[in-house]
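To start, the structure under review is shown below, and the notes come after it.
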Amino acid sequence: MRSPNGIGTDAPDLFPTGLGSRFHRKGSRGNVDRGGTPVNYRIAVIEFPGTNCERETARAVQRAAMDPIRFKWNDDPAILASCDGYVIGGGFSYEDRSRSGIIAALDPIMRSLRVEDKKGKPILGICNGAQILLESGIIPGLSDHRLGGALAQNKQFVDGKIIGTGFYNAWVHVRLSEGSSSHAFVRGISTDTVMRIPAAHAEGRFVIPRGVLEHLYASGATIFRYCDEAGNEHPQFPCNPNGSVDNIAALGNLRGNALGIMPHPERTNEGDCMFASMRTYLSQGLYRESIDLDFSQKEEPSGVYAPGVKSRELVISLIITDNTAVSVEQALRQLGFPVSVRRAVHWELTPAPDSTEHQFEQDFATACKSGELFNSNKEYPVEDLPATDRTILVRTDAEDDCIGLHAKHVLTNWFGLPSIAEIRHGILWMITVDPGHGTQSEHMIEECLHTNIFNNPFSHRRYTYA
């Protein structure tokens, strides 16, 4: 029998009703500070819409003899400030709309968490929580919490070939890199210790600029790397389950108080050492002064999207309400941008050099009917795009277009369409400024783009679509 909150009725309720309520556990008392005074460390377990790992996260906090405090994204920020540390658990915040973690990262509560980060309080992001910390700039800790990397779609490599992409669920091995012993989540963990913990994610591939990585390595920032059961690191799958740069499974900031980890230490006792370290960090008062990484990446101009002269384009929209576009629009309006947002899938099909125009047109028509480019039961091709002085169209695509490559493979090898040489996949965003703001439209849309809600510049390209 299960209760409405999805927890078996015979299980103790970890989430009693009430704003900022505690999850009590016998034995969670008795922490002492350096002077021997008893203290109960309050750890906020932060939930966004779509978080689904709060229960096991709270239990991991309890096993470390700390008090988990349930904190929802719309609770009073004063409760957040009263806590000693923070964990953002796994799940699918805002259904991963636009991309994993970005809408939660732009939530007003993250401004409050950045303030606590500056104080040196410990902050742990697990899976989706790691994505949120990275998108919010808390890790890797660039000045002013600027964006410093991406968590991109998984890519599994063997002998230089991609053998798989997307969601991956398995037990993995990780170990701590050298020089990280003073940081919040690794005290007492040896670099010889190999932890076996579960991973379950689709966008867990760390993409970090080499300049940032080199500075983090030189400064002894916390890094956990994927390895085999003997502790040896291999860049190929299955040792590296997602193609992450330098086998990175977890990345900390320079100050050492924040860590984003893609596997799930809270789901196994082998990960308890990280939560015990969090308690040690608090009890020994190991807070460090604010240390930011001063690194700037030259921003590439977006440019104008230019399809091939002989290419055919296909713009696909949903028949029903596009919830992703709605969530992006709501997030932007919450930030003060009076804009409406529409979204469509954009395909570009390029003919082979030796194909005839007639053959390519036939193959293009077959591709449209194949079900590979769109589902006619819920999607339809768009003929006319909005064209006003208050609207701009932006096309974004992944640096490594796995979706386009897969569509090309299917249509060429399964449907036998040899005249199609290349397929590119992207998202077309249509951003319209509300009436009454016409003179500010261009500047306002540019500010919207700088929120990175439409693309992460470390993993995606962005073009103006004319």
Output the relative contact order of the chain, whole-number percent, from Cα pairs under 8 angstrom with separation of 6+ residues.
-> 13
Contour minus Cα-Cα distance for LYS118 and SER370 (0.36 nm per residue) = 85.4 nm
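At 222 nm, what value in deg cm²/dmol follows for the chain if DSSP H runs of at least 4 each add -39500 (n - 2.57) and the sum is divided by all its residues, to the nearest 500?
Numbers: 11 runs with 104 residues, N = 466.
Dividing the helical sum by the residues of the chain leaves -6500 deg cm²/dmol.
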Using R₀ = 60 Å, calculate the FRET efficiency as 1/(1 + (r/R₀)^6) where r is the Cβ-Cβ separation of SER143 and GLU361; round to 0.05.
-> 0.65
What list do you get for MET262, MET66 if you sort them by fewest beta carbons within 10 Å?
-> MET66, MET262
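Would you mind ranking LEU133, LEU335, LEU106 so that the residue whose beta carbon has the fewest other beta carbons within 10 Å leads the list?
Values: LEU133 33, LEU335 15, LEU106 22.
Ordered from fewest to most neighbouring Cβ atoms within 10 Å, LEU133, LEU335, LEU106 come out as LEU335, LEU106, LEU133.
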Taking the alpha-carbon centre of each part, the distance from the range 172-232 to the range 347-385 in Å is 44
Reach of LYS378 by Cα under 26 Å, taken over lysines that are not fewer than 8 positions away in the same chain | LYS369, LYS408
Counting Lys +1, Arg +1, Asp -1, Glu -1, what net charge surrounds SER317 among other residues with beta carbon under 13 Å of its beta carbon?
-> -1
The long-range amide H neighbours of GLY164, using H built 1.01 Å from N in the peptide plane and a cut-off of under 5 Å, are GLN156
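Just want the ordering: ASP434, ASP397, from fewest to most Cβ atoms lying within 10 Å of their own Cβ.
Final ranking by Cβ density, sparse to dense: ASP434, ASP397.
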State the antiparallel share, in %, of DSSP beta bridges confined to the chain, rounding to the nearest 5.
-> 75
Considering Cα pairs under 8 angstrom that are at least six residues apart, work out the relative contact order of the range 42-283 and quote it in whole percent.
-> 21
Average Cα contact separation per residue, the range 307-466, under 8 Å, 6 or more apart, as relative contact order % | 32
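What FRET efficiency comes out for the pair GLN330/VAL309, r = Cβ-Cβ distance, R0 = 41 Å, nearest 0.05? Present the calculation step by step, with values, prior to reporting the outcome.
Working: r = 39 Å, r/R0 = 0.96.
So the FRET efficiency works out to roughly 0.55.
Read-outs throughout are calculated quantities, based only on the coordinates presented, and are distinct from any laboratory measurement. Please read all numbers here as calculations on a predicted model, not as lab measurements. Cβ atoms come from the backbone with ideal geometry, glycine included; neighbour counts cover every protein chain shown.
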